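**Student:** Here it is, the structure, as structure tokens.
The values are calculated or read from the model by the stated rules, or taken from the named source; none is laboratory data. Because the structure is predicted, anything quoted here is derived from the model rather than measured. A quick note on method: Cβ atoms are made from the backbone with ideal geometry, for glycine too, and the neighbour counts reach across all protein chains shown.
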Amino acid sequence: MYLALLLTTLLSFFSTNNIDPQTIIPPKTTVYIFLLDECKICREYASELNTLYDNYHSDEIEFVGVFPNFSSKKENIENFKSEFNIKFELKTDYFKKLSHKFDAKILPEVFVYDHNLDKVVYSGRIDDRYVSIGQRRRVIKNFDLESTLSNIVAQKDILITRTQPVGCFINYNDNL
């Protein structure tokens, strides 16, 4: 009964707003970026993430920033968004549903999820800027996330599907 009511309501909404429900197509790919507002590495990547968003966001590729640690309060996330002019959606994952789904451990860590294939096609670091915590490379050689997105747009195979991220840890002890 509830499903029928929901379906009727949605159809009514689409017809009154001149939206054909069949024309609403979800994105093919979602880039999930696990972040922590207090992490220096996450903060350093903010402008790079905005550039990637500007270059690759489309009807087929969406970006979502995910804050899994309970220490990232909504106010802090809004401050992070404002301070770095983040252009993509930011959400919390206090119950760790997405964190568990992708087996995320590090912040920042990215998961490029192909909805058509129902699988992660790339996971790991944004680039090889960091060798370890506090140890940066002088020259960035591998732009892993950008290469993945470029290959998706060009409909090429993704050659490297996993890299090791460097950053802060997700606190699995603080889930609700």
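**Student:** When only residues in region 63-92 that are among the polar types (S, T, N, Q) and outside any loop (DSSP other than H, G, I, E, B) count, which is surrounded by the fewest Cβ atoms within 10 Å (Cβ to Cβ)? If you could, list the steps in order and put the result at the bottom.
**Tutor:** Filtering region 63-92 down to residues among the polar types (S, T, N, Q) leaves 69, 71-72, 76, 79, 82, 85, 92.
When the remaining residues are screened for being outside any loop (DSSP other than H, G, I, E, B), the result is 76, 79, 82, 92.
Details: ASN76: 14, ASN79: 12, SER82: 9, THR92: 16.
Looking at the filtered set, the residue picked out is SER82.
**Student:** Separate question: Determine whether region 14-29 contains at least one residue that is in contact with a Pro (Cβ under 7 Å, 6 or more places away or on another chain), modelled with pLDDT under 95 and either surrounded by 11 or more Cβ atoms within 10 Å (Cβ to Cβ) or of a type in the set (A, V, I, L, M, F, W, C) (or both). Steps first, answer last, please.
**Tutor:** Of region 14-29, the ones in contact with a Pro (Cβ under 7 Å, 6 or more places away or on another chain) are 14.
Next cut, modelled with pLDDT under 95 only: 14.
Add one more test, that the residue is either surrounded by 11 or more Cβ atoms within 10 Å (Cβ to Cβ) or of a type in the set (A, V, I, L, M, F, W, C) (or both), and what stays is 14.
Scanning region 14-29, I find at least one residue that is in contact with a Pro (Cβ under 7 Å, 6 or more places away or on another chain), modelled with pLDDT under 95 and either surrounded by 11 or more Cβ atoms within 10 Å (Cβ to Cβ) or of a type in the set (A, V, I, L, M, F, W, C) (or both), so the answer is yes.
**Student:** Can you find even one residue in region 72-84 that is at pLDDT 95 or above and under 21 Å from PHE143 (Cα atoms)?
**Tutor:** Yes: one or more hits.
**Student:** Here is a check on your reading of the model: is ILE133 over 21 Å from SER58 (Cα atoms), surrounded by fewer than 16 Cβ atoms within 10 Å (Cβ to Cβ) and not polar (S, T, N, Q)? Outline the logic, then answer.
**Tutor:** On the way: over 21 Å from SER58 (Cα atoms): yes; surrounded by fewer than 16 Cβ atoms within 10 Å (Cβ to Cβ): yes; not polar (S, T, N, Q): yes.
Spelling it out, ILE133 is indeed over 21 Å from SER58 (Cα atoms), surrounded by fewer than 16 Cβ atoms within 10 Å (Cβ to Cβ) and not polar (S, T, N, Q).
**Student:** Report every pair of residues separated by at least 6 positions or lying on different chains whose Cβ atoms are under 9 Å apart, first residue within region 49-62 and of a type in the set (S, T, N, Q), second at pLDDT 95 or above and crowded, with 19+ Cβ neighbours inside 10 Å.
**Tutor:** Partner pairs satisfying both residue conditions: ASN50/ILE86; ASN55/LEU149.
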